[in-house]
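In what follows, a single structure is set out as structure tokens and then discussed.
The values are calculated or read from the model by the stated rules, or taken from the named source; none is laboratory data. Everything numeric in this text was worked out from a predicted model, so none of it was measured. Counting neighbours? That spans all protein chains shown, and the Cβs are built from the backbone with ideal geometry, glycine included. In case anyone asks, the SASA skips ligands and DNA or RNA and just uses the protein heavy atoms, side chains included. Shrake-Rupley method; radii C 1.70, N 1.55, O 1.52, S 1.80 Å.
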Amino acid sequence: MAINYTEVFRNPNAVEKYAERTYAPGTFASIVSSRQAGWLRGFVPNAFGMKPTHHDFACGTGRVARMLAGMVAVSHGYDTSEAMLQKSRELCTPGYAHLVDPGLAFPDVDPSRPALVTAFRFVLNVDLYLRDQLMDFASAALPDSDAGLLLVENHGNTDSLRHLRKRFGRLDASMWFQELSHQEIRDLFARHGFELVGMQGFTLFTQGCYRAPWSWFSKAADGALASPLSKWATDVVYIARRR
Ligand SMILES: C[S@@+](CC[C@H](N)C(=O)[O-])C[C@H]1O[C@@H](n2cnc3c(N)ncnc32)[C@H](O)[C@@H]1O
């Protein structure tokens with residue numbers, strides 16, 4: 001990418017925009033986020049025999065730790081932006097926030113518990129080098145197949161309706177528009193000794209479809225179909241474990 005992704009989120013204006021506009025109540029992002037919270041809060045107790053230690057890579061404002069409040073033994077968030085972590089503290093995120101240098105995040109592992117590693121809204125807009133930083137971190141937290149699970153969000157699945165926007169829609173030049181396919185994710189996982197064990201979709205439609213007059217239809221259809229049609233969802237969370 002031409003821009004320095006890590007630097008962008010160190011700017012307090014970008015942090016305000018992310019927390020107060022992108023995730024303002026009622027926005028597309030916040031509706032998708034609350035669906036993710038519902039799913040996560042069902043998934044984690046089913047997937048783990050005991051509450052796991054949560055390690056949130058690129059935790060930002062602590063969105064995932066707040067979704068998992070009470071479902072994990074403790075959350076550790078790791079991020080390169082003090083401004084994002086400050087916003088996370090303002091939002092009363094549970095657990096510990098660790099300010100790290102790029103490539104130097106290292107999980108605070110508790111060997112007596114399984115680990116849950118999450119990376120939400122990160123892989124889509126970064127280059128391979130940063131994706132590798134995430135996977136090195138996940139490998140340290142999850143040294144073998146019994147150590148726990150990795151959850152990675154892709155909010156720009158290539159095999160989704162969103163792809164049509166690239167082909168036929170108007171794109172704002174100031175906006176990032178990346179796409180990431182299931183195969184690219186599989187390849188990333190495989191290169192780091194992980195295997196994909198599942199995926200969960202949260203919306204088939206795009207942001208524009210959540211505006212009037214068809215918003216009621218998109219929300220209702222997503223509520224019923226995004227999960228069974230996960231493979232074609234715009235926003236997907238992948239579940240992976242170490243081989
Ligand atoms: C789009 S935000 C996502 C925040 C959070 N995961 C969420 O889903 O709301 C991306 C985050 O990645 C962080 N970041 C950027 N480069 C990083 C790196 N090299 N290591 C760790 N975090 C990084 C940014 O500071 C920012 O907080």
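Using modelled amide H (1.01 Å from N, peptide plane; none on Pro or chain starts), what sits under 5 Å from the amide H of G198, excluding residues fewer than 5 places away?
Under 5 Å from the amide H of G198 lie the amide H atoms of I239, each far enough along the sequence or on another chain.
Round to the nearest 0.05 the FRET efficiency obtained for D108 and S30 when R0 = 41 Å and r is the Cβ-Cβ distance.
For D108 and S30, the calculated efficiency is 0.90.
Can you compute the FRET efficiency between R186 and A140 using 1/(1 + (r/R0)^6), with r the Cβ-Cβ distance and R0 = 22 Å? Round to the nearest 0.05.
So the FRET efficiency works out to roughly 0.55.
From a point 7 Å beyond the Cα of T22 in the direction of its Cβ, which residues of the range 123-137 have a backbone N at a distance under 20 Å?
Correct set: 123-135.
Per residue, how many Å² of accessible area does the range 56-179 show with a 1.4 Å probe?
46
Tell me, what is the FRET efficiency for E179 and R10 to the nearest 0.05, using R0 = 35 angstrom and their Cβ-Cβ distance as r?
In this case the efficiency is close to 0.85.
How far apart, in nm, are two points set 7 Å out from the Cα along the Cα-to-Cβ line at W232 and at I3?
With each label placed 7 Å out from Cα toward Cβ, I get 3.2 nm.
Quick one: with all protein chains in place, what share of the accessible area of the chain is carbon or sulfur, to the nearest percent (1.4 Å probe)?
Here it works out to 55 percent.
Could you check the simple spin-label distance between A220 and L99, using points 7 Å along Cα→Cβ, in nm with one decimal?
My value for the distance between the label points is 4.9 nm.
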